[in-house]
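Worksheet for the structure shown next.
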Amino acid sequence: MSEEALRQQIQNLKKHNARLKRIAHDARNKLSAALDGTGLCLWQLDIPSGKLVIFNRRWGAMLGFQPKETKAQFDVWRDRLHPDDADEVLKAFYDHIEGRAPYYEALHRMLGKNDNIKWVLDRGRVTEWDEAGNPIKVTGTHIDMTKEKQYEAQLSSLAHHDPLTGLTNRHALHTQFSKMKAQGPLCVAFIDLDNFKHVNDTLGHRSGDEVLIQLSQRITDVLPPNVVIGRLGGDEFVLLMPFLIDYPKVRILLQAVLDAALTPFDIDNGHAQIGASIGIAQVQERDSFDEALTRADEAMYQIKKNGKQGFGLAG
């Protein structure tokens with residue numbers, strides 16, 4: 001082959017190589033754009049070196065980092081695992097790497113920039129082994145699950161909390177009642193507000209809602225953490241108190257609740273004045289939630305008959 005022909009062949013090879021690079025670059029850009037659009041990050045780990053190849057920028061952006069602001073290394077990923085999840089995630093990873101699981105999968109939290117928490121669904125599988133059968137490359141995906149977990153938490157909150165006040169709702173009160181009853185002495189207090197209808201009639205239902213919100217916060221502030229506060233609906237509230245009914249602190253706490261209700265409320269369109277009538281019953285061994293609540297309701301009704309704004313114990 002002549003020198004001129006060899007030079008021409010080399011030139012053709014260079015052009016072909018440049019064309020292949022352009023095609024590969026274009027394909028990678030399209031892959032990156034497609035993956036970013038789905039919120040999915042494609043990664044590959046070289047186990048011997050610990051180097052991570054990230055095929056799109058979603059991983060860094062997911063954690064709040066700018067491009068090249070953080071290194072693509074296994075150690076960096078490991079250090080970003082949430083401390084409460086790290087052991088479980090690493091166990092799942094090494095169970096697959098060491099042949100004890102067919103693939104790696106973990107739903108876990110990661111610490112993003114400024115320690116912001118992100119939820120990630122992480123999946124991977126060994127894709128290359130050396131001649132001795134040792135894994136050398138793992139390929140997988142990260143999917144940002146933060147919004148889904150937030151939505152899940154919101155649904156859980158709605159299922160267990162009153163949407164207006166944020167207090168425990170009737171369904172959750174049943175659950176808490178069963179747990180607390182199994183743990184020891186328990187009292188159920190039934191609270192019905194006095195003169196609340198007058199607030200709604202004169203100031204409007206929006207003002208009535210504001211009174212309920214403020215009162216809920218006041219009651220929360222005066223009761224210890226081991227007392228569960230719930231709202232049944234309207235102007236009816238329930239306390240689950242882990243005490244014997246004759247424990248002196250019970251009367252002190254009930255008086256604090258009464259004082260919270262009697263203190264005037266400042267609202268957008270004026271002032272509201274209400275009160276409360278409270279009945280309390282000791283939970284018996286065979287009591288259901290509804291049975292104990294009925295006895296507390298009957299004690300509350302006697303307070304209503306005798307002039308309101310007080311508390312009474314069920315006989």
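What to note about this one:
- Cleavage-rule hits (trypsin sites (Lys or Arg not before Pro)) in segment 74-112: DSSP loop, at most 10 neighbouring Cβ within 10 angstrom: Arg100
- Taking the centroid of alpha carbons for each part, segment 276-307 and segment 157-175 are 20 Å apart.
- For segment 109-174: relative contact order, % (alpha-carbon pairs under 8 angstrom, 6 or more apart): 21 percent
- Once the chain from Tyr103 to Gln302 is taken as fully extended at 0.36 nm per residue, the excess over their C-alpha distance is 65.1 nm.
- Between the beta carbons of Lys71 and Ala153, assuming R0 = 41 Å, the FRET efficiency works out to 0.80 to the nearest 0.05.
- Checking every one of the chymotrypsin sites (Phe, Trp or Tyr not before Pro) in segment 77-121 against DSSP loop status and a limit of 15 other Cβ atoms within 10 Å picks out Tyr103.
- Relative contact order (%) - segment 147-226, alpha-carbon pairs under 8 angstrom, separation at least six: 22 percent
- For segment 159-315, the Cβ-based charge dipole about the Cα centre amounts to some 340 debye (Lys, Arg positive; Asp, Glu negative; other atoms uncharged).
Readers should treat all values here as calculations from the given coordinates under stated rules, not as data from a laboratory. These figures come from a predicted structure and were not determined experimentally. Please note: Cβ atoms are built from the backbone with ideal geometry, for glycine as well, and neighbour counts cover all protein chains shown.
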